[in-house]
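Participant: Pasting a structure below so you can have a look.
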Amino acid sequence: MLFRKNIQFSRLIKAGAGLKEFNFRKPNSADEEMYEVDVSDEKGNRISFRMILNQEQWRLQDGLLPAWISAAEPFLQEAIGEQEKVL
């Protein structure tokens, strides 16, 4: 039986008009390299999306995201990269 850790972490990342807390979760049941990410917008609504490992780079999977999340993609990639190095 293969044991896979469930990984969770949070990072404060500059996105839009200020710092946002992005919550990352890598489910242990996922067959693909994926992180589920969620963040609150200015009104407190949760926005959830996925980042998928594509050709050795983490990419946003969902296309209908606010521009401030899309603009933060390099910082999200960096956060995941740092976490992956620790593992």
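Each reported figure results from applying straightforward, stated rules to the coordinates on display, with no laboratory input. Everything numeric in this text was worked out from a predicted model, so none of it was measured. Every residue, glycine among them, receives a Cβ derived from its backbone with ideal geometry; neighbour counts consider all protein chains shown.
Participant: Phe75: in contact (Cβ under 8 Å) with a residue 24 or more places away in the chain, of a type in the set (Phe, Trp, Tyr) and outside any strand (DSSP E or B), yes or no?
Facilitator: yes
Participant: Please give the number of the condition Ile80 fails out of (1) part of a strand (DSSP E or B); (2) surrounded by 16 or more Cβ atoms within 10 Å (Cβ to Cβ); (3) not basic (Lys, Arg).
Facilitator: Of (1) part of a strand (DSSP E or B); (2) surrounded by 16 or more Cβ atoms within 10 Å (Cβ to Cβ); (3) not basic (Lys, Arg), only one is false for Ile80: (1).
Participant: Within segment 43-57, is there a residue that is among the acidic types (Asp, Glu) and on the phi < 0 side of the Ramachandran plot?
Facilitator: Scanning segment 43-57 turns up no residue that is among the acidic types (Asp, Glu) and on the phi < 0 side of the Ramachandran plot.
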